[in-house]
Structure formats: structure tokens, C-alpha cells
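For reference, the structure discussed in these notes is given below.
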Amino acid sequence: MRILFATDGQNHSETALHFAGNLFSASGAECIVIHVHPSESNETIEDAKKHLVTAGRILTGYSLRPALKLIMGDIIPNIIAEAQKGVYDILVL
């Protein structure tokens, strides 16, 4: 099973990560966490990386081993493109 997690670093994203982590902890699923950093954003690249690291730590706490990926550009088209390209079974937003 392949799961794509899209995070923006906000509380609701972390809640979704905890929920899904608990749900899929025993699945052995392949997990990819993405954060899309818009070109026109007040968020720094360092902040974006911190969001990914935090998401990774949350999922690691549920015995999942996520890969982390920072994508630059428009949020919605990039999430859709990654979901289609990666042939994921589940998308967690």
C-alpha cells in the first residue's frame, strides 16, 4: 500500500497525520509526505523543511517510515500531479 500525505504544517494537518498514523501503523505501508511551497509565500524554505521533519517525526512515532519531499510551485496542481504520478492507494490531506 502506498500513502501520500500532503501537509501544510498547520494543526489540522498534524491531526490528520496522527489519525492516519494510528490507522495505518501496522500496515507496513510505503509513506510519502509532501509539502508544496508556493513561489509567492511568506513561508521560508527552512519553515517548509521544518513542517516536513515534524510530519516525519509524527509518522515515525507510529512505526511508519516516511519519505519526505518538498515541492515548489502551485499547491493544488502539484498535489494532484504527485498523486497521479506516484500511483497512491490513499491520499491524506
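The values are calculated or read from the model by the stated rules, or taken from the named source; none is laboratory data. In this text the structure is predicted, and so the values were computed from the model without any measurement. Positions of Cβ are backbone-derived with ideal geometry, glycine not excepted, and every protein chain shown enters the neighbour counts. These area figures cover heavy atoms from the full protein model, side chains too; ligands, DNA and RNA do not enter into them. Shrake-Rupley method; radii C 1.70, N 1.55, O 1.52, S 1.80 Å.
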Exercise for review: Determine by what factor the alpha-carbon radius of gyration of the chain differs from 2.2 N^0.38 Å, reporting the quotient.
Suggested key: 1.00
Review point. So, by mean Cβ neighbours within 10 angstrom, what's the order for 10-23, 45-58 with the highest one leading?
Key: 45-58, 10-23
Review point. What does the helix-only formula give at 222 nm for the chain: each DSSP H stretch with n ≥ 4 adding -39500 (n - 2.57), the total divided by the residues, and the result rounded to the nearest 500 deg cm²/dmol?
Key: -14000 deg cm²/dmol
Check your understanding: Sequence-distant or interchain residues sharing an amide H contact under 5 Å with Ser41, placed H: which?
Key -> none
Point to revise | Mean Cβ neighbour count within 10 Å, used as a protection proxy, ranking 78-87, 30-39 highest first | key: 30-39, 78-87
Check your understanding: Residues with amide H under 5 Å of Phe5's amide H, sequence separation 5 or more or different chain, H placed in the peptide plane at 1.01 Å from N; which?
Key -> Ile32, Val33, Ile34, Val92
Practice item. Calculate one ³J(HN,Hα) per residue across the stretch 75-85 by plugging θ = phi - 60° into the Karplus curve 6.51 cos²θ - 1.76 cosθ + 1.60, and present them in order as whole Hz with x for glycine and proline. Key: 5, 4, x, 6, 5, 4, 4, 5, 4, 6, 5
Practice item. Return the aspartates and glutamates within reach of Lys49: Cα separation strictly under 13 angstrom, same-chain partners fewer than 8 residues apart disregarded; answer none if there are no such residues. Key: Asp8
**Study point:** ³J(HN,Hα) computed for each position of the stretch 32-40 - Karplus, 6.51 cos²θ - 1.76 cosθ + 1.60, integer Hz, glycine/proline x
**Key:** 10, 10, 10, 10, 9, 9, x, 4, 9
Exercise for review: Would you mind working out the accessible area per residue for the chain, using a 1.4 Å probe, and quoting it in Å²?
Suggested key: 60 Å²
